Amino acid sequence: MPNSNLSRRAVIGGIAATPILAAPVIAAEADPIFAAIDRFHRAREFHRQCLTKMDTYEAIVDRKAEELAAERLPAYQAAKATSGEVVRADDVVLNELRCKALWGELKDMPESVYARRWRDLGCDAEADAAWALFRTVPQSAAGAVAMIQFVQDQEAEGNEILEYYREFSDDHGQDWREKISEVFLSSVKTYLSGVRA
């Protein structure tokens with residue numbers, strides 16, 4: 001099976017190398033793709049800020065989980081010893097007790113809820129901006145090049161943005177998966193179809 005990343009990059013590179021002979025005349029600054037790219041970058045920065053806030057709240061929850069684990073360790077180990085069970089190393093048990101607290105009583109702790117909300121807010125903002133960008137059909141040669149360059153830059157940074165997809169159900173209850181790579185290629189194709197050779 002061919003390497004999906006190499007295949008994807010080869011496709012992008014092929015599009016970038018395709019000569020644009022005679023594109024519709026439009027001022028580059030008026031091309032909506034530039035605003036869409038700018039919106040994505042602003043959304044990504046917002047996402048980073050959200051993750052910083054998420055980390056702040058998660059640190060509070062982690063400290064609480066560590067405190068609970070430390071408090072419960074002696075009784076836990078004593079119970080194991082009394083029952084004749086194997087007493088495991090304290091650090092192993094501490095991690096287990098910490099995880100139980102995180103996924104148990106601390107899961108609905110206000111700070112846990114806030115952390116998840118900030119995470120989701122940032123993720124949704126960036127994803128929405130990415131989908132909006134790729135649904136935007138370039139209106140100029142410069143815009144088409146900028147769109148392709150944007151994808152190449154994302155790939156170079158390790159952000160496999162063309163792997164994004166959305167799952168949804170239609171009015172008939174049929175489940176679908178929409179791939180952002182197909183949306184991207186459709187927008188580029190739509191632009192190129194209007195180019196005059």
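Cross-link partners of residue 179 among lysines, defined as those whose alpha carbon lies under 22 angstrom from its own and excluding same-chain residues fewer than eight positions apart: 189.
Counting pairs of alpha carbon atoms under 8 Å apart in space and at least six apart in sequence, what relative contact order in percent does region 44-123 give? In percent, rounded to a whole number, it is 56. Diffusion coefficient (Stokes-Einstein, Kirkwood radius over C-alpha pairs, 37 °C, 0.692 mPa s) for region 119-197: 236 µm²/s, rounded to a whole number. With θ taken as phi - 60° and the Karplus curve 6.51 cos²θ - 1.76 cosθ + 1.60 applied, the whole-hertz 3J(HN,Hα) list for region 42-48 is 5, 5, 5, 5, 4, 4, 4 Hz, x standing for glycine and proline. Here is the P(r) of region 44-123: all C-alpha pair distances, binned every 10 Å from 0, give 19, 36, 24, 14, 6, 1 in whole percents.
Inter-label distance, residue 75 to residue 145: 7.0 nm, where each label sits 7 Å from its Cα along the C-beta direction. Bridgeable aspartates and glutamates around residue 107 (alpha carbons under 20 Å apart, same-chain partners fewer than 8 residues away excluded): 55, 58, 62, 66, 67, 71, 96, 120.
Read the figures in this text as sums done on the coordinates, not as results from a lab. The structure presented is a predicted model; accordingly, all values stated were derived computationally and were not measured. So basically every Cβ, Gly included, is an ideal-geometry build from the backbone, and we count neighbours across all protein chains shown.
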